[in-house]
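Please read the structure below before turning to the comments.
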Amino acid sequence: MFEVSCQLTFAAAHALRGYKGKCERTHGHNYRVEVTAEGERLNEIGLLFDFVELKEAMRAVIDRIDHTFLNENPPFDTVNPSAENIARFFYEELRKPLEGRAHVSQVRVWETDNSVASYRPK
């Protein structure tokens, strides 16, 4: 099994609904997102998935949420914008662009240098 991973960053604010503590108030993060794709076959030039294409797909998602208040953007207008849910959001948005060549095996989202959440499909 082959894997490729790319990391990109974005900045956004959020407020965690139902959280008892400081994070229920509006605050921001400089998020780091890592997307890992895997597959069993390489293409004719020996690549699983081009890093440039993976980053372009990631940027298309990031462009919709970068420098926004996540709570106002679907699906976070109804789903709590936790790091865990942000990771699942990236997975859902990126699995189709990779379909047929690789599949997203994991998404990791850092809120800080020391705090990371992951999403892996079953």
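Taken together, the values in this text are just the output of simple stated rules run on the coordinates, not laboratory data. Nothing here was measured: the structure is a model prediction, and the numbers come from that model. For neighbour counting, all protein chains shown are included, and Cβ atoms are generated from backbone atoms with ideal geometry for every residue, glycine included.
Structure data summary
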read-out: Close pairs (8 angstrom Cβ cut-off, 6 or more residues apart or separate chains): of a type in the set (S, T, N, Q) in segment 101-114, in a loop (DSSP other than H, G, I, E, B) anywhere; value: Ser105/Arg120; Ser105/Pro121; Gln106/Arg120
read-out: Gly46, sole failed condition from (1) more than 16 Å from Val109 (Cα to Cα); (2) in contact with a strand residue (DSSP E or B) (Cβ under 8 Å, 6 or more places away or on another chain); value: (2)
read-out: Of all residues making up segment 29-44, the number that are of a type in the set (D, E, K, R) and farther than 15 Å from Arg95 by Cα; value: 4
read-out: Test result for Ser82, touching a residue at least 60 places away in the same chain (Cβ under 8 Å), within 25 Å of Gly18 (Cβ to Cβ) and not aliphatic (A, V, I, L, M); value: yes
read-out: Qualifying residue in segment 65-78 (condition: touching a residue at least 60 places away in the same chain (Cβ under 8 Å) and under 16 Å from Asn30 (Cβ atoms)); value: no
